[in-house]
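Undergrad: Have a look at this one before I ask anything.
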Amino acid sequence: MLTSVYPLWYILFCVLLGIGYAVLLYRKDKAFGEETKILPYFLGALRFFSVSILAFLLLEPLVKTENQIIEKPIIVIAQDNSESIQLSKDSSFYIKEYPKELTVLKEKLSEKYTVETFHFGGKTADSLKFDYDLKQTDISDLFENIEQKYYGRNLGGVILASDGIINKGLSPEYAAKNIKNTVVYTIAMGDTAIRKDLIIQEIHNNDIAYKGNEFPVEVNIKANYLSGENALVSIWKNGKKLQEKKAVIQGEQFILSTNFLLPATASGKQKYRVNVSELAGELTNLNNTKDFYINVIENKQDILILADAPHPDIAAIRGVLNQNKNYNTEVKLVDDFKDKIGKYSLVILHGIPNYLEKNNRVVEELLKEKIPLLICATEHTNYNKLNQLKQQLTVIGANGYSNATGSLNASFNKFTISDALRNDLSDFTPLQVPFANGYKIGQRNNVLLYQKIGGTITNYPLLTFNENDGQKLGFLLGEGIWRWKYLDHLKNGSNNNFNELIQKTVQYLVAKKDKSQFRISNRSLILENEALVIDAELYNDSYELVNTADVIVKISNNQGEEYPAKTMAKSGNAYRLNAGKFKAGEYTYIASTSFDGKVYEKKGKFSVKELKVEYVDLVANHKLLYNLSVSKNGKMFYPNELKALAEEIYTQDNIVPISYTQQTVEDLIQWKWIFGLVILLLTIEWFLRKRNGGY
């Protein structure tokens, strides 16, 4: 159908323009002789058509076309490719025969439907695979991918082949609800029978221990049909047995817990292996060993809370710090303090500086030692003395107190806070803040919370940080944060948001700044199904980020084998390397670069943890598959019923092609043949005029 941006009756003007142009050009043209009397009419016609066509194109004509499209129903076949499949008693069938039969099902359905295939484990990927080597099973990820890919399309059905053993993600029934008007069929793989097996289910241990101390380890073991047997549970490190305990299995499906107390003798990330004895008749011995890691720290960081008087705010802060085993927290009154100040990683001053000169000498010593400080203002704070410290913060004309809540500064960048804390900050009760004429803060200040007085957000700081001559400082200019802790628990049933605020504040202040010009970072512990990512930064002499030089990374395992060197990719002004996945074990790497005549080299290490969640539970969950298919108007079938599955799909009245009209609009000016026609008309006209003396 022809249409136009302008009314179609404007075509009349195009025709009149063509006629007028041809008449004016050829009506009184005497260049042609009597023998060519008909030629002017022919040439006029050529000019008429060429001018009319060009004028018509100026109207921006459009051609609308409607196409009737019939889309066949889409059937998705998704195959579970996780390790638990090959650990069933029918593993030989699933490896050799089953792939052929599922391929036959695919080909049969392809005659009537559009069939698309996936395989899944911890993540979902295209095509069918039957390696059964993926380390986790997440069916919810499969449904999320299907929802995104086929939204708005004619998705008729999903065939899910799995043993129903999931160890990652959401409930499949919940995830499948987002796929509307789609039938889900399940193929129940695996074995529901419980067979003889001794399984290490869980290992409970602290993430951190301190060198010279002992740390507890709890090993939970599940025993199936091994009643009366003795299980030997041992813990190993570097091939050496550290401890061993015997446990008697006292039931057909028995859970037992064994506790150990191990010494932390070496610092850094330490790998330990738990082993349970192999018993006759077990389904598999692959779940008889499991590794865990402990980060052994040389020394705790000493934190001092120094106060002029007892206060509930001090108890609230100390309660948070005591939860972190990396901190050794002391609380002392300034009048009683006689220790050396230099041993502390952070000092929290509560109500200091005050109006007693002898109590303020400790502040001068702290500034001299450049120990990180968090100064918490109270009604006893001497703001004149605080201003004299010249630490990028001045409280002008403090006289009395008022109340203010905290308003988050969106541009704060010293550390991140969670959405939960971000949302609750504005609901926390007001703090008692100095009633001042104003505040003067230096350029090095980074304000986390501004004071909100009544309904007005001011530019007065409530919680702010700065760094002066290498010393980190924080200022909390409000009293009464113990109420924040109480309100957090009252509203949320926990102190998580309050704890996060204090923990992030302290972590920032005690963290030592890396002043080297070449820096690298990576996660020290990754799973074997995760990729190693290394980040690097290179600074020039002005401490500006640069990445003009190449950074080379060489990775080696603990046997001394070296992997091919990799060049880090440039990411923004820094560097990043995705080195891929590695087998379980210990690794070291060297990152090196040359810049501005200097050679830089940094060493790093990482551990890859074996992922054995697929070995923990080997009993197929067909009930989950049945409930999933019923909730989506489908049925559950077994691997020997694939023909019946195809016939069931064929009989479904709601899995049918859909017909829809697709309308397209095309600009006529895009049709190149029209320009070719105009050029041809003008060329013929020119040639005939030239040949007959018209020029």
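The values are calculated or read from the model by the stated rules, or taken from the named source; none is laboratory data. Here the structure is a predicted model, which means the values were calculated and not measured. Note that we place each Cβ from the backbone using ideal geometry, even for glycine, and neighbour counts take in every protein chain shown. To get the accessible areas, we keep the full protein, side chains included, count just its heavy atoms, and leave off ligands, DNA and RNA. Shrake-Rupley method; radii C 1.70, N 1.55, O 1.52, S 1.80 Å.
Undergrad: Given a cut-off of 29 Å, name the pairs among K106/K177; K96/K149; K583/K643; K168/K245 whose C-alpha atoms lie farther apart than that in the structure shown.
TA: Numbers: K106/K177 25 Å; K96/K149 31 Å; K583/K643 40 Å; K168/K245 32 Å.
Listed pairs above 29 Å: K96/K149; K583/K643; K168/K245.
Undergrad: Separation between the Q652 and K211 pseudo-spin-labels, each 7 Å from Cα along Cα→Cβ, expressed in nm?
TA: 6.3
Undergrad: Please give the contour-minus-distance gain from T265 to D90: 0.36 nm per residue of separation, less the Cα-Cα distance, rounded to one decimal in nm. Walk me through the numbers before you get to the answer.
TA: Values: separation 175, 0.36 × 175 = 63.00 nm, distance 4.64 nm.
So the extension gain works out to 58.4 nm.
Undergrad: For I375, what residues show an amide H to amide H distance below 5 Å, using hydrogens built from the backbone and excluding near sequence neighbours?
TA: Sorted by chain and number, the residues that satisfy this are L349, G474, F475, L476.
Undergrad: Calculate one ³J(HN,Hα) per residue across the range 288-299 by plugging θ = phi - 60° into the Karplus curve 6.51 cos²θ - 1.76 cosθ + 1.60, and present them in order as whole Hz with x for glycine and proline.
TA: 8, 10, 7, 9, 9, 10, 10, 8, 8, 9, 4, 9
Undergrad: Follow-up question, since we're still on this one. If Lys and Arg each add +1 and Asp and Glu each add -1, what is the summed charge of the other residues whose beta carbon sits under 12 Å from the beta carbon of L448?
TA: Details: positive: K414, R422, K504; negative: none.
Here the count lands on +3.
Undergrad: Right, here's the next one. Could you list which residues have their amide H under 5 Å from that of L346, counting only those 5 or more apart in sequence or on another chain, with H placed in the peptide plane?
TA: L304
Undergrad: Compare the Cα positions of N413, I526, L58 along the charge dipole of the chain (+1 at Cβ of Lys, Arg; -1 at Cβ of Asp, Glu; about the Cα centre) and return the one farthest towards the positive end.
TA: Farthest along the dipole direction, towards plus: L58.
Undergrad: Moving on. Return one number: the angle in degrees, 0 to 90 and rounded to the nearest 10, between the long axis of the Cα atoms of helix 98-110 and the longest principal axis of the Cα atoms of the chain.
TA: 40
Undergrad: Now a separate question. Can you compute the modelled spin-label distance between S571 and K605, with each label point 7 Å from Cα toward Cβ, in nm?
TA: Going by the 7 Å Cα→Cβ label model, 2.4 nm.
Undergrad: Quick one: 3J(HN,Hα) in Hz for the range 249-259, Karplus 6.51/-1.76/1.60 with θ = phi - 60°, rounded, Gly and Pro as x.
TA: Rounded to whole hertz, the list is 7, 10, x, 6, 10, 10, 10, 10, 10, 10, 10.
Undergrad: Quick one: ranking E66, E537 by accessible area, 1.4 Å probe, largest first, what do you get? Walk me through the intermediate numbers first.
TA: Working: E66 125, E537 65 Å².
Result of the area sort, largest leading: E66, E537.
Undergrad: While we're here: Report in % the part of the accessible area of the chain that belongs to carbon and sulfur, leaving out ligands and nucleic acids; probe 1.4 Å. Could the numbers behind the result be given before it?
TA: Numbers: 18220 of 36020 Å².
Whole-percent figure for carbon plus sulfur exposure: 51.
Undergrad: Hey, which lysines would be in cross-link range of K196, C-alpha to C-alpha under 18 Å, not counting anything within fewer than 8 residues on its own chain?
TA: Partners within reach: K89, K222.
Undergrad: Using a 1.4 Å probe, how large is the accessible area of T651, given in Å² and rounded to the nearest 10?
TA: Accessible area, nearest 10 Å²: 90 Å².
Undergrad: Still on this structure, please answer the following. What figure in square angstrom, to the nearest 10, would you give for the accessible area of Y650 with a 1.4 Å probe?
TA: 60
Undergrad: Further question: If I stretch the segment between L12 and D667 completely, what's the gain in nm (0.36 nm per residue apart, minus their alpha carbon distance), one decimal? Walk me through the numbers on the way to the answer.
TA: On the way: separation 655, 0.36 × 655 = 235.80 nm, distance 2.01 nm.
Stretched fully, the L12-D667 segment lengthens by 233.8 nm.
Undergrad: Here's another thing I want to ask about it. Please compare each pair in K512/K605; K343/K512; K300/K602 to a cut-off of 23 Å on the Cα-Cα distance and tell me which ones are over it. Can you show the working numbers first?
TA: Numbers: K512/K605 20 Å; K343/K512 15 Å; K300/K602 25 Å.
The pairs that break the limit, which is 23 Å between Cα atoms, are K300/K602.
Undergrad: Fully extended, how many nm does the chain gain between K64 and D419 (0.36 nm per residue separation, minus their Cα-Cα distance)? Numbers along the way, then the final one.
TA: Working: separation 355, 0.36 × 355 = 127.80 nm, distance 4.98 nm.
Roughly 122.8 nm would be gained on extension.
Undergrad: To the nearest 10 degrees, how steep is helix 672-691 against the longest Cα principal axis of the chain, on a 0 to 90 scale?
TA: The angle comes out near 40 degrees.
Undergrad: Might you tell me the accessible area per residue for the range 519-665, computed with a 1.4 Å probe and given in Å²? List each step's numbers first, then the result.
TA: Values: 8320 Å² over 147 residues.
With the other protein chains kept in place, the range 519-665 gives 57 Å² per residue.
Undergrad: Just read off the accessible area of E364 with the full protein assembly in place, 1.4 Å probe, to the nearest 10 Å².
TA: Counting only protein heavy atoms, the figure is 90 Å².
Undergrad: Next question, about the same structure. How high is the FRET efficiency from I341 to A280, r the C-beta distance, R0 60 Å, rounded to 0.05?
TA: Numbers: r = 65 Å, r/R0 = 1.08.
In this case the efficiency is close to 0.40.
Undergrad: Quickly work out the E218-to-Y293 label distance, labels modelled 7 Å from Cα along the C-beta direction, and quote it in nm with one decimal.
TA: Result: 2.3 nm between the two label points.
Undergrad: Once you compute Rg and the Kirkwood Rh from C-alpha atoms, what is the Rg to Rh ratio for the range 119-186? Please list the in-between numbers first.
TA: Working: Rg = 11.7 Å, Rh = 12.4 Å.
Dividing the radius of gyration by the Kirkwood radius yields 0.94.
Undergrad: Additional query: Per residue, what volume in Å³ does the Cα convex hull of the chain take up?
TA: 326
Undergrad: Further question: Rounded to whole Å, give me the distance from the Cα center of the range 56-114 to that of the range 589-668.
TA: Cα centroid of the range 56-114 versus Cα centroid of the range 589-668: 14 Å apart.
Undergrad: Given H placed on each backbone N at 1.01 Å, which residues far from A188 in sequence or on other chains put an amide H within less than 5 Å of it?
TA: Result for A188 returns F637, Y638.
Undergrad: Looking at the P(r) of the range 575-639, how many percent of alpha-carbon pairs lie beyond 17 Å? Write out the running numbers ahead of the final one.
TA: Values: 1445 of 2080 pairs.
Above the 17 Å cut-off, the range 575-639 has 69 percent of its Cα pairs.
Undergrad: What residues of the range 61-94 lie in the reach of a label at V5, counting those whose backbone N is under 17 Å from a point 7 Å from the Cα along Cα→Cβ?
TA: What the label zone holds, given the 17 Å backbone N cut-off, is 61-64.
Undergrad: A further question on this structure: Heavy atoms only, 1.4 Å probe, whole protein assembly: order W484, W673 by accessible area, highest first. Write out the running numbers ahead of the final one.
TA: Numbers: W484 5, W673 160 Å².
The most accessible residue leads, giving W673, W484.
Undergrad: Would you mind getting me the FRET efficiency between N387 and L490? Use the beta-carbon distance for r and R0 = 51 Å, nearest 0.05.
TA: Numbers: r = 37 Å, r/R0 = 0.73.
Here the calculated transfer efficiency is 0.85.
Undergrad: Continuing with the same structure: Report the calculated FRET efficiency for E71 and Y626 (r = Cβ-Cβ distance, R0 = 35 Å), to the nearest 0.05. Don't jump to the answer; show the numbers that get you there.
TA: Values: r = 31 Å, r/R0 = 0.88.
Once rounded, the FRET efficiency stands at 0.70.
Undergrad: Related question: Does anyone have the angle between helix 312-321 and the longest principal axis of the chain? Alpha-carbon axes, 0 to 90°, nearest 10?
TA: 70
Undergrad: So for E229, E562, E500, what's the accessible-area order with a 1.4 Å probe, most first? Numbers along the way, then the final one.
TA: Values: E229 75, E562 120, E500 30 Å².
In descending accessible area the options line up as E562, E229, E500.
Undergrad: With N set to the residue count of the range 1-156, report its C-alpha Rg divided by 2.2 N^0.38 Å to two decimal places.
TA: 2.27
Undergrad: Once phi is turned into ³J(HN,Hα) by the Karplus curve 6.51 cos²θ - 1.76 cosθ + 1.60 with θ = phi - 60°, what whole-Hz value does each residue of the range 465-478 show in order, with x for glycine and proline?
TA: The phi angles translate into 10, 8, 10, 10, 6, x, 10, 7, 9, x, 10, 9, 9, x Hz.
Undergrad: Lys and Arg at +1, Asp and Glu at -1: add these up for the other residues within a Cβ distance under 12 Å of I297 and post the number. Each step should come with its number before you reach the end.
TA: Values: positive: K211, K269, K300, K325; negative: D207, E298.
For residues surrounding I297, the net value is +2.
Undergrad: Here's something else I'd like to know. For a paramagnetic label modelled at 7 Å from the Cα of R195 toward its Cβ, which residues of the range 268-296 fall within the zone defined by backbone nitrogen distances under 16 Å?
TA: 279-288
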